[in-house]
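Student: Got a structure for you, questions after.
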Amino acid sequence: GWWLFALVAGFALVSKYLIRWRGTQLFNPSNFGLVVAFLVLGSNVIEPLDFWWGPLNGWLALAYAIIAIGGLTITSRLGLLPMAATFWIAFAAFLGVLALSGHCMTAAWSLQPVCDGQFWRIVALSPEVLIFLFFMITDPKTIPEGRLARLLFAGSLAALCVLLIAPQTQEFGAKVALLAGLVLLTPVRAMFDRVLAEGRVGSRAARLATAPRYAFSVGAVFGATLVMASVGMVAAGAVARPDGGTGANADAVAVEVEVDPSGLPNVTVSAEAAALEGVAAMDPTALGLALAEALEIEGLAMLRADTSMLRAADSGERLIDMERAVEAAATAGRPITDEFRFDTMHVDVVHTAGPQGGASLMIHGSGTVDHVVRDASGAEVERSSEAFESDFVLTLGSDGRWLISGVNAPPDP
């Protein structure tokens, strides 16, 4: 895919010379090129860097130091540090309003939606945001000329970026929205110079005489804008808030089964799964045990012809499939239960909503499964065995129980 990198870079550079207004470039070329590439190629082909770069360690601290020291040095020498600081302060404040409204997004590095305070912390303190404010919005050729105009531009950009982030439910959309704010605002950057220039027209005496009235007008407009912007962000973010806080198994009945952990194999974890936020603290054996318990509950629901029990074990497509299977078995009067004996269990990552969607854990299991046919009284009538190799996709329910959301045969090698 090297040619994609070359194509995007070439397009970004060419835009600097082809898209111009009154002899000057209209867009920041790197910003414009990235946004167009993300929107045209889509999340299945291209991937922006994540907001979250991983758990804080020495290497990540070094990355933060390089970005911060380099950014502070460059913006200070160019006289643009106040602009960068204004953007971050306004961005963090507006993002805080959005986070307080209950905003959530799914991310490829998180098993659960990133919400509320965690959402604010991940985005506001992201190395990606630091790179954006230090090295992208401070391009001298695509920002207003006046010092005050630049501060107003930075504050307006922060509001616009958060407004665009608000309706996004996936991290991919939020990352593109952040960059898209600059694409939308740079073409009108001259407006900020004109607005502030109008307040300096006339003699010094006239300006002093009208200063209180001018200050009051500016303050009133500024305050009203802040309120309207905040309300707009909360309203735009309605689609990215959980509906009532119901989880995948919020209405599940209590079902308890006993599985002997000693009968399970050693559960291994892939490097990609271990890198997900929060996975390092998990006990792999407990995850394997949760899968075995969920399969036991499915068998119990089949025997009792009780579909309500399945909500303690399944969600999504797996829940629908198992409900249909239990109803069909109850109608036929011959329930068939599956008894699994695992030889291997390996935890990996799967992205069921695309490569930029939320992450789910998957246990690749192999071993032997017994298909047990019973009569209406529950007595065993027939038993057959076969080897199995399946991928069990797991989802964390609202009560903390791991649920099976899908079972797939692994692809042929």
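Student: Condition first: assigned to a strand (DSSP E or B) and either in contact (Cβ under 8 Å) with a residue 60 or more places away in the chain or more than 35 Å from the chain's Cα centre (by Cα) (or both). Now tell me which residues in the range 394-413 satisfy that. Spell out how you get there, then give the answer.
Tutor: Applying the first criterion (assigned to a strand (DSSP E or B)) to the range 394-413 yields 394-396, 402-408.
394, 395, 396, 402, 403, 404, 405, 406, 407, listed by residue number.
Student: Oh, and also: If you check 376, 353, which single one turns out to be within 28 Å of residue 46 (Cα to Cα) and at pLDDT below 90?
Tutor: Numbers: 376 fails: within 28 Å of residue 46 (Cα to Cα).
Among 376, 353, only 353 is within 28 Å of residue 46 (Cα to Cα) and at pLDDT below 90.
Student: Quick one: is residue 211 in a helix (DSSP H, G or I), at negative phi, modelled with pLDDT of 60 or more and surrounded by fewer than 16 Cβ atoms within 10 Å (Cβ to Cβ)? Give the derivation first.
Tutor: Working: in a helix (DSSP H, G or I): yes; at negative phi: yes; modelled with pLDDT of 60 or more: no; surrounded by fewer than 16 Cβ atoms within 10 Å (Cβ to Cβ): yes.
Answer is no for this residue.
Student: Would you call residue 385 among the small types (Gly, Ala, Ser), in a strand (DSSP E or B) and open to solvent by 60 Å² or more (accessible area, probe 1.4 Å)?
Tutor: yes
Student: Here are the criteria: (1) touching a Pro at 6+ places or on another chain (Cβ under 8 Å); (2) modelled with pLDDT of 90 or more; (3) among the aromatic types (Phe, Trp, Tyr); (4) in a loop (DSSP other than H, G, I, E, B). Tell me which single one residue 51 does not satisfy.
Tutor: Evaluating residue 51 over (1) touching a Pro at 6+ places or on another chain (Cβ under 8 Å); (2) modelled with pLDDT of 90 or more; (3) among the aromatic types (Phe, Trp, Tyr); (4) in a loop (DSSP other than H, G, I, E, B) leaves (1) as the failure.
Student: Yes or no: residue 101 without any contact (Cβ under 8 Å) to a residue 24 or more places away in the chain, of a type outside the set (A, V, I, L, M, F, W, C) and out of contact with any Phe, Trp or Tyr (no Cβ under 9 Å at 6 or more places or on another chain)? Break it down into steps so the answer makes sense when it comes.
Tutor: On the way: without any contact (Cβ under 8 Å) to a residue 24 or more places away in the chain: no; of a type outside the set (A, V, I, L, M, F, W, C): yes; out of contact with any Phe, Trp or Tyr (no Cβ under 9 Å at 6 or more places or on another chain): yes.
Judged against the criteria, residue 101 is not a match.
Student: Hey, could you check the range 156-175 for residues that are open to solvent by less than 40 Å² (accessible area, probe 1.4 Å) and of a type in the set (Val, Ile, Thr) and say which is farthest from residue 91 (Cα to Cα)?
Tutor: 165
Student: Given the criterion within 22 Å of residue 175 (Cα to Cα), in contact (Cβ under 8 Å) with a residue 60 or more places away in the chain and open to solvent by 30 Å² or more (accessible area, probe 1.4 Å), identify the matching residue among 11, 51, 27, 38.
Tutor: Values: 11 fails: in contact (Cβ under 8 Å) with a residue 60 or more places away in the chain; 51 fails: open to solvent by 30 Å² or more (accessible area, probe 1.4 Å); 38 fails: open to solvent by 30 Å² or more (accessible area, probe 1.4 Å).
Answer to the selection: 27.
Student: Among the residues of the range 93-115, is any among the hydroxyl-bearing types (Ser, Thr, Tyr) and under 17 Å from residue 179 (Cα atoms)? If you could, list the steps in order and put the result at the bottom.
Tutor: To start, the set of residues in the range 93-115 that are among the hydroxyl-bearing types (Ser, Thr, Tyr) comprises 101, 106, 110.
From what is left, the residues that are under 17 Å from residue 179 (Cα atoms) are none.
Looking through the range 93-115, none of the residues is among the hydroxyl-bearing types (Ser, Thr, Tyr) and under 17 Å from residue 179 (Cα atoms).
Student: Conditions: (1) modelled with pLDDT of 70 or more; (2) exposed (fewer than 11 other Cβ atoms within 10 Å of the Cβ); (3) more than 28 Å from the chain's Cα centre (by Cα). Residue 205 meets all but one. Number of the miss?
Tutor: Going through the list (1) modelled with pLDDT of 70 or more; (2) exposed (fewer than 11 other Cβ atoms within 10 Å of the Cβ); (3) more than 28 Å from the chain's Cα centre (by Cα), residue 205 breaks only (1).
Student: Condition first: open to solvent by less than 10 Å² (accessible area, probe 1.4 Å), among the hydrophobic types (A, V, I, L, M, F, W, C) and closer than 18 Å to residue 37 by Cα. Can you find one or more residues in the range 131-148 that meet it?
Tutor: Scanning the range 131-148, I find at least one residue that is open to solvent by less than 10 Å² (accessible area, probe 1.4 Å), among the hydrophobic types (A, V, I, L, M, F, W, C) and closer than 18 Å to residue 37 by Cα, so the answer is yes.
Student: Being open to solvent by 80 Å² or more (accessible area, probe 1.4 Å) and farther than 23 Å from residue 273 by Cβ is the filter here, so list the residues in the range 54-71 that pass it.
Tutor: Listed by number, the residues that qualify are 62, 66, 69.
Student: What single numbered condition from (1) free of Cβ contacts under 8 Å to residues at least 12 places away in the same chain; (2) closer than 23 Å to residue 381 by Cα fails to hold for residue 335?
Tutor: Every listed condition holds for residue 335 apart from (1).
The values are calculated or read from the model by the stated rules, or taken from the named source; none is laboratory data. Remember, it's a predicted structure, so these values are computed and weren't measured experimentally. In this analysis, Cβ positions are derived from the backbone assuming ideal geometry, glycine residues included, and neighbour counts consider all displayed protein chains. What goes into the accessible areas is simple: the full protein's heavy atoms, side chains included, and nothing from ligands, DNA or RNA. Shrake-Rupley method; radii C 1.70, N 1.55, O 1.52, S 1.80 Å.
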